[in-house]
1. Which net charge results when you count Lys and Arg as +1 and Asp and Glu as -1 among the other residues whose beta-carbon is under 13 Å from that of Asn319?
2. Could you give me the ³J(HN,Hα) list for region 416-423, computed from phi with Karplus coefficients 6.51, -1.76, 1.60 and θ = phi - 60°, whole Hz, x at Gly and Pro?
3. What shape does region 532-640 have by the C-alpha gyration tensor, where a ≥ b ≥ c are the square roots of the eigenvalues, rounded means a/c under 1.5, and otherwise prolate means a/b greater than b/c and oblate the rest?
4. Please work out how much length the chain gains when fully extended from Ser688 to Asp505, using 0.36 nm per residue of separation minus the C-alpha to C-alpha distance, in nm with one decimal.
5. Kindly state, to the nearest 0.05, the FRET efficiency for Arg205 paired with Ala409, given R0 = 41 Å and r defined as their beta-carbon distance.
6. Please report how far the C-alpha centroid of region 601-628 lies from that of region 445-518, rounded to the nearest whole angstrom.
7. What part of the accessible area of region 271-404, given as a whole %, is carbon or sulfur when the probe is 1.4 angstrom?
8. For the pair Arg665 and Arg552, how long in nm is the line joining their label points, each one 7 Å along Cα→Cβ?
Amino acid sequence: MTRNRLSLPDFLLLGSSLLVLTLSSATASAWAAGQNAEAAPQQEGGSVSDPRAEAAKAVSERKATAAGAPVQGATGQGVTGQGGTSGSATHEGTPVIRADDKVAQASTDSAPATPSSGDPAPAVSSPARAAPSPATGPRETVASEAAQSLHVASVPQDLRSPSIALGGLFAAIGGAHLAPDFKTIADSRPDEAPAALLADWEAQRHHPDFDLKAFYQQHFTLPIRRDVSYRRKADENIYDYIQGMWGVLTRQPDKPIPYSSLLPLPYAYVVPGGRFSELYYWDTYFTMIGLYESGQWDLLRGMIRDMASLIDRYGHIPNGTRTYYLSRSEPPFFSLMVDLLAQHDGQSAYRTFLPQLQKEYDYWMDGAGTLKPGQAYRHVVRLNDGTLLLRHWDDLDTPRDESYPEDVATAGRAPSRPPSDVYRDLRAGSETGWDFSSRWLADGHTLSTIHTTDLAPIEVNCLMVHLEQTLEHAYALTGQRKLSRLYGQRADERIAVVRRVFWNDDRQAFYDYDWRKGQSTDVLSAATAMPLFLRIASQDQALSVADTIKARLLRAGGIMATDHESGQQWDAPNGWAPEEWMAIKGLNNYGATDLAETIARRWMARVIGTYEKSGVLLEKYDVESPTISATGGKGGGEYPMQIGFGWTNGTLLGLMRRYPADTDRILERNPHASQPPIDVLPPSDPYSAVGPQENDPVMPPPKPAGDVETGSQEHPSGQNAAIGHTALPQDKRPDAQVSPLDQRVPTGKMTAFQPA
């Protein structure tokens, strides 16, 4: 018997009509100039550091990693790049990757920074000029072999966002609804260099018969999408579905394509599903949980190497593997990914990825060493009492490429705010992973009031504790005990900050902190469990959080994202797999096992019950409704419900292994999803796990393979070769049992995987 598939909107076809969105002349001219913004620290009182002095200082202190690469166009003139990691108010030069694979330098003049109540000020770059900057030298290119293997001499690459590379043309396309989902436009590939394409457009656009839609169709290739719908076979159960979806969602190593916005990856990887056809940062960790549970170590290891390759090339892991995501990241889960791998490979995982762990830390903490009380710079904020917090940030203050017309409309509904402020906060909101939520909205429900950069969220501050603990452990393994003690001390200090700043004693839960107002926000969210997940909360705080979750967030299908209903997708009534997983794990860490099992049982019943009706797993679910919908519920947010779905698949598999009795009862009520439960295996600990080989030889990475952006779907030979670790053939590996991720033995330093 074949089940009906979930019918969802098609994002791939171009619209049949051309609708013009009227833009203000001032805003349109800013977009046409490809406005770029980077940061300079400022004091609350309004004094501003000299931008050129800050640029020289930044260059002298560290070697910048390229976040934008201009490309030589047909006219021979370079255009400005993003420079997303320079951290200076002046626009630093960025490397050019040309056909001869040489690195050149391009830079632009910058407008002086202006005070803005403690925020970094934007520097507006001009695409008309490209002169070498006297304060900077050529930037270092790629470090690792995996990253170098993606440099193909004959393939020109442009690392600027399409909205910057294409300037006024992209702004014009943004003003016309050429596709139901503008991400399709952002992902489209031009057929020639941006400079040449701009020249063609300029030459034609004033002609009375010029048709922008026809021009777009002539010069752009639609992105390659693989269908993520899934037709359930007769007698197929939910385990079969998850296993089958790994093949549907897995992409083989990328082949660089000229002028594509896709950032190529050297190893196979799993995409989330739906409209998300590239790798996403924090999604990947929860997808890896399913790979861990199903023993797909080669794929899991390769995805971590993909992440390491991104850090090597760009200095950080971007939001996703598109050029327009390079100006921001997402919640830093890389250290937890290494923990996962250490469960199988042993301590060599920490030694192998120590350089990337350090670079990740340096990216998020950029500027913290010189930040004075009352100052904010990129991701770091220092309160007036000297306390250091982290916030989310994006180095650009223009409309997001993937949501261009929507962002224009949002800024238009905030006439009292500069559009650049709205754009910056929308972009920073995307870096949170919760795009969007009442957590970031000043009035709790209107998107145009978004003020993400004013807030220090719970998650990123807790994740930095784990990264510091991981660095402490990794440096101890390599004999660098001074550095180990340094990061251990920083982790302990940050734990104290989380317990003090983010704890609201009146409401008995952890809340985001508005650093401008000096107080907690009003929105209770599932992120209140993050300090429990990472074992940061005190025992008393953890038990109080358990009571608050039970009273205010728990519903028929699990826990809601927040206690506010705003129409945004990361609010009530929706529940999301990452938040359910972290809450369940966190509650178990502190002995609140009954509540943890209740959440797990209700969530699994909601997800499996929806699968019974629709035959697919979804991105998110309405957990408040007493009834189960085949479409997952109300949805909300910027786009319709997405199917697949990586993090739902991964965490559901982990929960079914942790709660086999509950799973069995749920499957009995849902016969199409039914299968006998899997046995729970013994506990283990990432900081003491021993891998099959601790001193494997270094092997070169595989060469990119494939004939489209996502690569050929055949497995290339040697794809599992490692950087610093060689995967053993399955038939030659020592017998080893793998434990579910909720059972860990305690060690000296507690982590997310080590409950007391």
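The values are calculated or read from the model by the stated rules, or taken from the named source; none is laboratory data. It should be emphasised that the depicted structure is a prediction, and the values quoted were computed from it without experimental measurement. Cβ placement follows ideal geometry from the backbone for every residue including glycine, while neighbour counts extend to all protein chains displayed. Protein only, heavy atoms only, side chains kept; ligands, DNA and RNA dropped before computing areas. Shrake-Rupley method; radii C 1.70, N 1.55, O 1.52, S 1.80 Å.
1. -4
2. For region 416-423, the Karplus-derived couplings read 8, 10, x, x, 4, 5, 4, 4 Hz, x marking Gly and Pro.
3. prolate
4. This chain segment gains 62.2 nm when fully extended.
5. With R0 = 41 Å, the Cβ-Cβ based efficiency is 0.95.
6. Spelled out, the Cα-based centre of one part sits 33 Å from the other.
7. Numbers: 970 of 1980 Å².
Percent of accessible area from carbon and sulfur atoms in region 271-404: 49.
8. 2.9 nm
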